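I have placed the structure first, in the form of structure tokens, so that the comments after it can refer back to it.
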Amino acid sequence: MSSTDYSAFSHAELIQRLQALEQAAASDPTRSERARLEQDLLATVKELRDVKAALDEHSIVAITDPAGRITYINDKFCAISQYSRAELIGQDHRIINSRHHSKEFFRDLWSTIGRGQVWHGEIKNRAKDGSYYWVETTIFPFVGAGGKPIQYVAIRTDITKRKADEAAMQHIAAELAEKNKELEAIVYTVSHDLRSPLVNVQGFGKQLQRACETIRTATAAVGEGGAVPVASLKQPVEVAIPQALRFINAGVSKMEALLAGLLRYSRLGRIALTIRPLNMNGMIAEILAAMKFQLDEARAEVDVAPLPICAADSVQTNQVFANLLDNALKYRDATRLLRISIRGTVRDGQAIYEVADNGVGISPEHQAKVFEIFHRLNPDTTSGEGLGLTIAQRVLERQKGRIWVESRPGVGSVFFVTLPAVEAPAERA
Amino acid sequence: MTQTQMPTILIVEDDEGHAILIRENLEAAGVPYPMQHFRDGQAVLDFFAARPPQPSSTYIVLLDIRMPKVDGIEVLRRMKADPAFKMIPVIMLTTTDDVREVQRCHQIGCSGYIQKPVDYDKFAESIRRIGLFVPLLLVPQVGAS
């Protein structure tokens, strides 16, 4: 209590002071002061209530005691965790533990807030029905008079969708990286395969030049009567020039075929697919009918089992199976009659088709290569541009399908094709 | 003095045009050695399997890398793994200059690596040089005189 030293006041100041005290006494000072304080308090409480309402509207809020037992939760907490308030109060947060995070993760969390510091982080939790949700979390310790936390307020935001998007993006990035690697391999193969005929065009172009030189030299040495000695023209005209032209023309055709194939391959990605249930037995019958002449000529025996229905684009899928059957014909073993068997099953929602032959087979080191662009097993004895299986693989990938081969040289090959299965029978047009 | 023996050049090349160009250009550049053409890797491996080299027979192998069936790298690997053939010089022929491929061939032990289309004058010169040096490789190691 301090007492005022009135001796320092001037006369006028003393009168003023006195008047003020008289007025205050007249209007009951204790009552008016309390009323003002009460009003202030009410305003503050209202403001806090509004802030809390806004917080509850936006965030998932929980308050725990120093031991981590839940003492308060808001409606959003109940909604996202699917637990009722009664189920949560008194529990600790282990009830929603997803087991995604390590022990160190929670040890760090507790040691941070135990020191009275704020903790920020992303936590994966498990709801009552076993589903998972992610929350961005801020835990704020309320520190008591003794410097120790007396309670913790945890404010969380649902980031489950963001986390799912992040995972999806990572998946897409990995897929893109894979595609890039594939593309790199294709560019490598194509550049090599294009250079090969180019070497011939260049090399035999020089041979042509040389032949022209020989002819020029011969014609320069014209004899008396203007006659050119035939002997010196024989080699360039009859051997060198025709040979050079033959290889130049073959090289140019080869390059043209490669570029046409490459264009065909690049267009595959832009073709619009019409995915609908496919009656595979009907499709195989159509393909076999179209190949009847070649199959009869080879005296091939084809056995088709009842096939499951799949969801795919009919034109593209037809191409895949026509290619597999064409390959079976092309790579048949001349020492025995060709037998082709086509069967299928459904496993884990996938229709799995097998096209098996008793042809020449593929050695283990070549089995992966058969899907490489422009790779050909027997360029000397079979025709083709080395694109069939590359295109089949691409076409199937676009339809969520796969293709692979199992083969034994001298015994035969089995090509496996998977496509999404359809339970209901296919519509028959 | 060792007797100077003409080496035989074995051209292993699946592209007929490339093989003709190599042969004709080496001949035009004055390489005097006999040449023999193999259409793929298996053919040259069969050739070696059928006749183990005599001390007097010498070869230089010109090996294309990309061939169907057994490719050039596989032929090189098998030759260098076989004590009977590992001394035979092998020059790789390829249409690309892929660094990893070059390194791989050198690791396995090729004597040279040439990218097509080749500069035939330089190519012939190096063939001639290897040719002079080849007879020394397969001479049986007898005591120095």
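The values are calculated or read from the model by the stated rules, or taken from the named source; none is laboratory data. Just so we're clear, the structure is a prediction, and the values are computed from it rather than from any experiment. So basically every Cβ, Gly included, is an ideal-geometry build from the backbone, and we count neighbours across all protein chains shown.
Would you confirm whether any residue within region B:69-76 is more than 10 Å from chain A (Cβ to nearest Cβ), in contact (Cβ under 8 Å) with a residue 60 or more places away in the chain, in contact with a helix residue (DSSP H, G or I) (Cβ under 7 Å, 6 or more places away or on another chain) and of a type in the set (Val, Ile, Thr)?
Taking region B:69-76 as the starting set, the residues that turn out to be more than 10 Å from chain A (Cβ to nearest Cβ) are B:72-73, B:75-76.
Filter once more, so that each one left must be in contact (Cβ under 8 Å) with a residue 60 or more places away in the chain: B:72, B:75.
Okay, now just the ones that are also in contact with a helix residue (DSSP H, G or I) (Cβ under 7 Å, 6 or more places away or on another chain), so B:72, B:75.
From the residues that got through so far, the ones that are of a type in the set (Val, Ile, Thr) too are B:75.
Yes; the residues of region B:69-76 include at least one that is more than 10 Å from chain A (Cβ to nearest Cβ), in contact (Cβ under 8 Å) with a residue 60 or more places away in the chain, in contact with a helix residue (DSSP H, G or I) (Cβ under 7 Å, 6 or more places away or on another chain) and of a type in the set (Val, Ile, Thr).
What about A:Ala185, is it within 13 Å of chain B (Cβ to nearest Cβ), closer than 30 Å to A:Thr390 by Cα and surrounded by fewer than 14 Cβ atoms within 10 Å (Cβ to Cβ)? Let's see the steps before the verdict.
Values: within 13 Å of chain B (Cβ to nearest Cβ): yes; closer than 30 Å to A:Thr390 by Cα: yes; surrounded by fewer than 14 Cβ atoms within 10 Å (Cβ to Cβ): yes.
Yes, satisfied.
Can you tell me how many residues within region B:7-22 are away from chain A (no Cβ under 14 Å) and part of a loop (DSSP other than H, G, I, E, B)?
The qualifying residues number 1.
Table: residues versus (1) loosely packed, with under 13 Cβ neighbours inside 10 Å; (2) in contact with a strand residue (DSSP E or B) (Cβ under 9 Å, 6 or more places away or on another chain).
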position: A:Glu213; (1), (2): yes, no
position: A:Thr217; (1), (2): yes, no
position: A:Val237; (1), (2): no, no
position: A:Ile275; (1), (2): no, yes
position: A:Met283; (1), (2): no, no
position: A:Phe293; (1), (2): yes, no
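Identify the residue in region A:45-62 that is small (Gly, Ala, Ser) and under 15 Å from A:Thr157 (Cα atoms) and, among all such residues, is surrounded by the most Cβ atoms within 10 Å (Cβ to Cβ).
Within region A:45-62, the first condition is being small (Gly, Ala, Ser), and the residues that meet it are A:53-54, A:59, A:62.
Remaining after also requiring under 15 Å from A:Thr157 (Cα atoms): A:54, A:59, A:62.
Working: A:Ala54: 10, A:Ser59: 20, A:Ala62: 23.
Checked region A:45-62; the qualifying residue surrounded by the most Cβ atoms within 10 Å (Cβ to Cβ) is A:Ala62.
Hey, can you tell me all the residues within region A:63-101 that are among the acidic types (Asp, Glu) and either exposed (fewer than 12 other Cβ atoms within 10 Å of the Cβ) or in a helix (DSSP H, G or I) (or both)?
Narrowing region A:63-101 to residues among the acidic types (Asp, Glu): A:65, A:75, A:87, A:92.
Of everything in region A:63-101, those that are among the acidic types (Asp, Glu) and either exposed (fewer than 12 other Cβ atoms within 10 Å of the Cβ) or in a helix (DSSP H, G or I) (or both) turn out to be A:Asp75, A:Glu87.
Test B:Ala28 against the stated conditions and say whether it is within 12 Å of chain A (Cβ to nearest Cβ) and over 29 Å from A:Tyr188 (Cα atoms).
Taking the combined requirement at face value, the residue satisfies it.
Only one of B:Leu63, B:Leu138 is crowded, with 16+ Cβ neighbours inside 10 Å, modelled with pLDDT of 80 or more and more than 14 Å from chain A (Cβ to nearest Cβ); which?
Values: B:Leu138 fails: modelled with pLDDT of 80 or more.
Exactly one residue qualifies, and that residue is B:Leu63.
Please enumerate the residues belonging to region A:219-251 that are more than 14 Å from chain B (Cβ to nearest Cβ) and outside any loop (DSSP other than H, G, I, E, B). Quick ask: steps written out before the conclusion?
Filtering region A:219-251 for residues more than 14 Å from chain B (Cβ to nearest Cβ) gives A:219-234, A:237-238.
Selection gives A:Thr219, A:Ala220, A:Val230, A:Ala231, A:Ser232, A:Leu233, A:Lys234, A:Val237, A:Glu238.
Among the helices (runs of 4 or more DSSP H) contained in region A:310-406, which hold 1 or more residues that are among the hydrophobic types (A, V, I, L, M, F, W, C)? Spell out the reasoning first.
Details: elements: A:314-330, A:364-367, A:388-398.
Hits in region A:310-406: A:314-330, A:388-398.
Being more than 30 Å from A:Thr157 (Cβ to Cβ) and at pLDDT 90 or above: is that true of A:Leu18 here? Give the steps one after another, and end with the answer.
Numbers: more than 30 Å from A:Thr157 (Cβ to Cβ): yes; at pLDDT 90 or above: no.
Criteria not met by A:Leu18.
Across region A:320-343, what is the total count of residues that are farther than 14 Å from A:Gly401 by Cα and either in contact (Cβ under 8 Å) with a residue 60 or more places away in the chain or surrounded by 20 or more Cβ atoms within 10 Å (Cβ to Cβ) (or both)? Talk me through it step by step, then tell me what you get.
Here is the first cut: in region A:320-343, the ones farther than 14 Å from A:Gly401 by Cα are A:322-343.
Right, trim to either in contact (Cβ under 8 Å) with a residue 60 or more places away in the chain or surrounded by 20 or more Cβ atoms within 10 Å (Cβ to Cβ) (or both) and you get A:323-328, A:331-333, A:338, A:340, A:342.
The total comes to 12.
Check B:Gln115, B:Gln36 and return the single one that is within 15 Å of the chain's Cα centre (by Cα) and closer than 30 Å to A:Glu184 by Cβ. Break it down stepwise before answering.
Values: B:Gln36 fails: closer than 30 Å to A:Glu184 by Cβ.
Answer to the check: B:Gln115.
Which one of the conditions (1) touching a helix residue (DSSP H, G or I) at 6+ places or on another chain (Cβ under 6 Å); (2) farther than 15 Å from B:Tyr59 by Cβ; (3) modelled with pLDDT of 85 or more; (4) away from every other protein chain (no Cβ under 14 Å) does B:Phe85 fail to meet, given that it meets all the rest?
Going through (1) touching a helix residue (DSSP H, G or I) at 6+ places or on another chain (Cβ under 6 Å); (2) farther than 15 Å from B:Tyr59 by Cβ; (3) modelled with pLDDT of 85 or more; (4) away from every other protein chain (no Cβ under 14 Å) one by one, B:Phe85 breaks only (2).
In region B:79-100, how many are without any contact (Cβ under 8 Å) to a residue 60 or more places away in the chain and either surrounded by 18 or more Cβ atoms within 10 Å (Cβ to Cβ) or β-branched (Val, Ile, Thr) (or both)?
Our first condition is that a residue be without any contact (Cβ under 8 Å) to a residue 60 or more places away in the chain; within region B:79-100, this holds for B:79-92, B:94-100.
Then keep just the ones that are either surrounded by 18 or more Cβ atoms within 10 Å (Cβ to Cβ) or β-branched (Val, Ile, Thr) (or both); that gives B:79, B:85, B:88-92, B:94-96, B:99.
Number of matching residues: 11.
State whether one or more residues within region A:287-296 are part of a helix (DSSP H, G or I) and within 14 Å of chain B (Cβ to nearest Cβ). Before you say what the answer is, go through the steps one by one.
Taking region A:287-296 and keeping what is part of a helix (DSSP H, G or I), we get A:287-290, A:292-296.
Going one step further and asking which of them are within 14 Å of chain B (Cβ to nearest Cβ), we end up with none.
No, region A:287-296 has no match at all.
Can A:Gly386 be described as at pLDDT 85 or above, closer than 30 Å to A:Ala260 by Cβ, under 32 Å from the mean Cα position of the chain (by Cα) and surrounded by 19 or more Cβ atoms within 10 Å (Cβ to Cβ)?
Values: at pLDDT 85 or above: no; closer than 30 Å to A:Ala260 by Cβ: yes; under 32 Å from the mean Cα position of the chain (by Cα): yes; surrounded by 19 or more Cβ atoms within 10 Å (Cβ to Cβ): yes.
Taking the combined requirement at face value, the residue does not satisfy it.
Which of the residues belonging to region A:247-296 are more than 21 Å from A:Val422 (Cα to Cα), at pLDDT 90 or above and touching a Phe, Trp or Tyr at 6+ places or on another chain (Cβ under 9 Å)?
A:Phe247, A:Ile248, A:Gly251, A:Ile287
From the list A:Val320, A:Val302, A:Val355, A:Val346, exactly one residue is aliphatic (A, V, I, L, M) and over 16 Å from A:Val417 (Cβ atoms). Which is it?
Numbers: A:Val320 fails: over 16 Å from A:Val417 (Cβ atoms); A:Val355 fails: over 16 Å from A:Val417 (Cβ atoms); A:Val346 fails: over 16 Å from A:Val417 (Cβ atoms).
Only one candidate passes the filter, namely A:Val302.
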